[in-house]
Amino acid sequence: MLKHILTSLTGGPVTEAAPAPSDPALAELAGKLDKAAKARLGRSLSIREVDAGSCNGCELEIHALNNPIYDLERFGIRFVASPRHADVLLVTGPVARNMREALVRTWEATPGPKWLVACGDCAVSGGLFAGGYACVGPVEEVLPVDLRIPGCPPRPTDLLAGLLALLETSAAR
Amino acid sequence: MYGEEPLFGLLNRIGTPVEGHRPWPRYRLGRDGWLRLIEGLAGNGWSLLGLWGEPKAVHAAFREDFSGDVAVVSLDCPQGRFPSLSTVRPAANRLERAAHDLYGLVAERTTDPRPWLDHDAWGVRRPLSEQPAAPVPNPGPYTFLPVEGEGLHQIPVGPVHAGIIEPGHFRFTANGETVVRLEERLGYVHRGVEGLMQGRPAAEAAKLAARISGDSTVAHSLAFARAVEAALGVEVPARAVWLRALMAEMERIANHLGDIGAICNDAAFAFMLAQTSQLRERVLRTADACFGHRLMMDRVIPGGVATDLPERGAGLLLELVAELRKRFPPLVAIYDGKASLQDRTVTTGFVSAELVTRFGAGGHVGRASGRDQDARRSPGYAPYDGLTFEVPVLTEGDVNARVWVRIREVEQSLSLIEQIVARLPAVSRGLDHPSVALEAGRGGEGMALVESFRGEILTWVRLDGEGVVTRCHPRDPSWFQWPLLEAAIGGNIVADFPLCNKSFNCSYAGHDL
């Protein structure tokens, strides 16, 4: 263990350089945040992740954002346990009807100003599950979506680029 | 077991074999035969492998563990009723409730008739039956089991949990810090996978199979592909068989690495997660470089594989094995040497050997409690019959044992990857990826048993003459592990639940379908 700590101290960080904020995401977000919101948030975002019917592939890659290689927290973005503490809901899955109420209630429990990010093809378009009896389809059919990060699942760098765009847009400049 | 009537002995007496079911036989039973089967199950040790419905029939699969014989039994239920197996195989209960919610099949004399997947939110009842019904007007709340006693209080948790995890509801009843009972309520991520598969060509349905549970995408794709290939009598190219195993072992290692770290993290030892998550990332990046997708989703397809290993792939894989062999053992030594960590994992979340056997639980849950079962070995499938590997089995049944089973499995999988890379059959001429086309004009029924990182997956499929799926049932190993989590947490403190839960790491999506 001591050896590990020494190596970590002397070996430099394993964290990789951040990707540039995603251009499509910046374009999608343009004009979505007013000045007051920007001033209030600064360069910090708290995210509450909600699985609304995902296969858990998206969750695996969202988890990866917390590993030392992507290290999401260095940007001031962190995952929180309660919607009460969140600025952003990061929603995955094609909104299983059995999860619809829980999703809406989580959104209602999130204080404003708040944003909703649809993460992954299912959340963006319903994916393969659209049209079935058990799923509503894209998240935007249930709640207003501010940003879409497609992919099945999105790679951690895509997630990072999207979230950085949100941070750029929300930060007071 | 000695003195029992063999599986095929009984089934040949009480049922008639159905043509065109591969590779194991399927027997059609009459109602009397089904009742005789229940009688037989009460006295023998056959494992329930799955139970699934159709509009007017119910099917169940069994294995006689001693001989390894596997068979499917079917009962036509024109009245939509069948005698429940839950009295003799408790693991059948939730599967029967699912068959009821989807197909309207009523399990007679069941131990628990409550709905399971249907949360009164679909806008329809028994959606996959011949005559779906209108929803219940003003449905009442779900009835949890009653708990009586002095000083008890309840803690409802979920469906939205505190971490980045899947949704499900846990109803804890606690006496002070100690959990007296846990009751799970699942079904929140029911996406209607089985219904969506129906009417799709096998190649399209395979995409759904790949998304049953993202962490087991390779294993579920493999189970679906092998079931389809069994139904159609298709032989896949040898190279594809080996590449599939390669991907399956990569998936196993990636998941175990992530979970070993996460279990330690739930015991407040964040260091381990920081380390193993780097190793996991290393595995995923190698998978990406070799197969073009970090989770290797949609890479195993009916007929073969959708991608071949690039030329530099073998080198990358051997580098990965060498690096993990260097970096993983020191972490294992740290896990083994930290008394404060052992204090949390040893004796916590105990599951008895008797329970895992009764529920037929596989994977690390079964093998940490002495159940020596691995689908790669029994019934076994290629290429594992030609590979050397051990199946680690422990008997302590606690969180620590489940961690150790996973550690040993990582080591075994590293050795398997090495063996596979060394013996990978050559590229067939004229194929950019090793696969065969599925011929139209043939149908049939097929079944496959595949060992995912979590345990044994059963996939059963029926294809019509056009190669279109008319019924597919993928049974995730979680079905037989979730009920044991309720037992594992009993008598432990509430704060140890995340630890117990992570040591199981059952799939919500794979179970809810």
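The values are calculated or read from the model by the stated rules, or taken from the named source; none is laboratory data. Everything numeric in this text was worked out from a predicted model, so none of it was measured. A quick note on method: Cβ atoms are made from the backbone with ideal geometry, for glycine too, and the neighbour counts reach across all protein chains shown. Surface accessibility is based on the protein's heavy atoms, side chains included, excluding ligands, DNA and RNA. Shrake-Rupley method; radii C 1.70, N 1.55, O 1.52, S 1.80 Å.
At 10 °C and 1.306 mPa s, grab the translational diffusion coefficient of region B:204-263 from Stokes-Einstein with a Kirkwood Rh over Cα pairs, rounded to a whole number in µm² per second. If you can, show how the numbers build up before the last one.
Working: Rh = 12.5 Å.
Diffusion coefficient, whole number: 127 µm²/s.
Given a cut-off of under 8 Å on Cα pairs at least six residues apart, what relative contact order in percent is computed for region B:327-425?
Values: 110 pairs, mean separation 28.3, N = 99.
Rounded, it is 29 percent for region B:327-425.
Given region B:108-157, report the % of alpha carbon pairs whose separation exceeds 13 Å. Don't jump to the answer; show the numbers that get you there.
Values: 875 of 1225 pairs.
Counting every Cα pair in region B:108-157, those more than 13 Å apart make up 71 percent.
When the Karplus curve 6.51 cos²θ - 1.76 cosθ + 1.60 is applied with θ = phi - 60°, which whole-Hz ³J(HN,Hα) does each residue of region B:460-470 get, with x for Gly and Pro?
Coupling constants for region B:460-470: 10, 9, 10, 10, 7, x, 8, x, 9, 6, 9 Hz.
Can you list, largest first and rounded to whole Å, the semi-axes you get for region B:141-225 by taking the square root of 5 times each eigenvalue of its Cα gyration tensor? Display every interim value, and only then the final one.
Working: eigenvalues 281, 37, 21 Å².
They are 38, 14, 10 Å, listed from largest to smallest.
In whole Hz, with x marking every Gly and Pro, tabulate ³J(HN,Hα) for region B:295-305 from phi via Karplus 6.51 cos²θ - 1.76 cosθ + 1.60, θ = phi - 60°.
Residue by residue, region B:295-305 yields 9, 6, 6, 6, 8, 9, 10, x, x, x, 10 Hz.
With the Cα gyration tensor of region B:385-513 in hand, convert its eigenvalues to equivalent ellipsoid semi-axes via √(5λ) and list them largest first in whole Å. Show your work: numbers first, answer last.
Values: eigenvalues 253, 117, 23 Å².
Here the semi-axes work out to 36, 24, 11 Å.
What is the log10 of I(q)/I(0) for region B:55-128, computed with the Debye formula using one identical point scatterer on each Cα and no solvent, at q = 0.13, 0.14 Å⁻¹?
Calculated log10 I(q)/I(0) at the listed q: -0.41, -0.47.
Percent antiparallel among DSSP beta bridges with both residues in chain B, to the nearest 5?
Working: 50 of 59 bridges.
Counting only bridges with both partners in chain B, antiparallel ones make up about 85 percent.
Just to confirm, what accessible area per residue do you get for chain B at 1.4 Å probe, in whole Å²? Kindly include the intermediate steps, with their values, before the conclusion.
Numbers: 18110 Å² over 513 residues.
For chain B, the per-residue accessible area is 35 Å².
Is there a simple number for the mean count of other chain Cβ atoms within 10 Å of the Cβ of residues in B:100-110, and what is it? Don't skip to the answer; put the middle values down first.
Numbers: counts 0, 0, 2, 0, 0, 0, 0, 0, 0, 0, 0.
Partner-chain Cβ atoms within 10 Å, mean over residues of B:100-110: 0.
Hey, what's chain A come to in accessible area per residue, 1.4 Å probe, Å²? Before the final figure, lay out each step's value.
Working: 7150 Å² over 173 residues.
With the other protein chains kept in place, chain A gives 41 Å² per residue.
Tell me, rounded to the nearest percent, the portion of alpha carbon pairs in region B:1-158 spaced more than 22 Å apart. List each step's numbers first, then the result.
Values: 6001 of 12403 pairs.
Here the tail beyond 22 Å accounts for 48 percent of pairs.
I'd like the Karplus ³J(HN,Hα) series for region B:414-425: coefficients 6.51, -1.76, 1.60, θ = phi - 60°, whole numbers in Hz, and an x wherever there's a Gly or Pro.
Per-residue couplings from phi come out as 4, 5, 5, 4, 4, 5, 5, 4, 5, 10, 4, x Hz.
Computed over the Cα atoms of region B:92-233, what is the convex hull's projected area averaged over all directions, in nm²? Kindly include the intermediate steps, with their values, before the conclusion.
On the way: hull surface 47.9 nm².
Average projection, Cα convex hull of region B:92-233: 12.0 nm².
Would you work out what percent of the accessible area of region A:55-143, with all protein chains in place, is carbon or sulfur (probe 1.4 Å)?
Working: 1370 of 2930 Å².
Roughly 47 percent, rounded to a whole number.
Could you compute how much accessible area chains A and B hide from each other, both sides summed, with a 1.4 Å probe? Nearest 100 Å² is fine. Write out the running numbers ahead of the final one.
Values: alone 9230 and 19990 Å², together 25260 Å².
Chains A and B together bury approximately 4000 Å².
Could you pull out every residue, at least 5 positions away or on a different chain, whose amide H is within less than 5 Å of the one on A:Val50? Hs are placed 1.01 Å off N in the peptide plane, and Pro or chain starts have none.
HN-HN under 5 Å from A:Val50: A:Leu90, A:Val91, A:Thr92.
Which percentage, to the nearest 5, of the DSSP beta bridges contained in the protein assembly as shown is antiparallel?
Numbers: 51 of 76 bridges.
The antiparallel fraction comes to roughly 65 percent.
What does the charge count near B:Glu229 come to, summing +1 for each Lys or Arg and -1 for each Asp or Glu among other residues with Cβ under 12 Å from its Cβ?
Values: positive: B:Arg22, B:Arg226, B:Arg244, B:Arg442; negative: B:Glu235, B:Glu439.
With Lys, Arg at +1 and Asp, Glu at -1, the net is +2.
Over the Cα atoms of chain A, what Rg and Dmax result, in angstrom?
Every Cα atom of chain A included, Rg and Dmax give 16.7, 56 Å.
Counting only other chains, what is the mean number of Cβ atoms within 10 angstrom of the Cβ of each residue in peptide B:267-280?
3
Give me the log10 of I(q) over I(0) for the protein assembly as shown at q = 0.05, 0.09, 0.10 Å⁻¹, as the Debye formula computes it from C-alpha points; what are the numbers?
Here log10 of I(q) over I(0) equals -0.22, -0.76, -0.96.
With a 1.4 Å probe and all protein chains left in place, how much of the accessible area of region B:375-444 comes from carbon and sulfur atoms, in whole percent?
Details: 1590 of 3270 Å².
That fraction is 48 percent.
So what's the projected area for chain B, the Cα convex hull averaged over all directions, in nm²?
Numbers: hull surface 95.4 nm².
Computing the convex hull of the Cα atoms and averaging its projections yields 23.8 nm².
Given H placed 1.01 Å from N in the peptide plane, which residues other than close sequence neighbours of B:Ala368 have an amide H under 5 Å from its amide H?
Placed amide hydrogens put B:Leu394 under 5 Å from B:Ala368.
Amide H of B:Glu456 versus every other amide H placed in the peptide plane: which residues, excluding those fewer than 5 positions away on the same chain, fall under 5 Å?
Under 5 Å from the amide H of B:Glu456: B:Gly362, B:Gly363.
Over the alpha-carbon set of region B:268-342, work out the extent along each principal axis and list the three values in angstrom, largest first.
Projected onto its principal axes, the Cα set of region B:268-342 covers 50, 23, 17 Å.
Mind listing P(r) for region B:169-284? All alpha-carbon pairs, 10 Å bins, whole percents.
12, 26, 29, 23, 9, 2
Find the Rg to Rh ratio for region B:327-436, where Rh is the Kirkwood radius over alpha-carbon pairs and Rg uses the same atoms. All intermediate terms of the calculation are to be shown ahead of the outcome.
Numbers: Rg = 17.8 Å, Rh = 16.1 Å.
Looking at region B:327-436, the ratio lands at 1.11.
Given N residues in region A:70-137, what is its alpha carbon radius of gyration divided by 2.2 N^0.38 Å? Mind dumping the intermediate values first?
Values: Rg = 13.5 Å, N = 68, 2.2 N^0.38 = 10.9 Å.
Normalised Cα radius of gyration, region A:70-137: 1.23.
Excluding same-chain pairs closer than 8 in sequence, count the lysine pairs in the protein assembly as shown whose Cα atoms lie under 26 Å apart. Before the final figure, lay out the partial values.
Details: A:Lys3/B:Lys326; A:Lys3/B:Lys338; A:Lys32/A:Lys114; A:Lys35/A:Lys114; A:Lys38/A:Lys114; B:Lys326/B:Lys338; B:Lys326/B:Lys502; B:Lys338/B:Lys502.
For the protein assembly as shown, qualifying lysine pairs total 8.
Across the residues of A:94-105, average count of Cβ atoms on other protein chains within 10 Å? Kindly include the intermediate steps, with their values, before the conclusion.
Details: counts 4, 1, 12, 10, 15, 12, 3, 4, 6, 3, 0, 2.
Mean shielding by partner chains, rounded to a whole number: 6.
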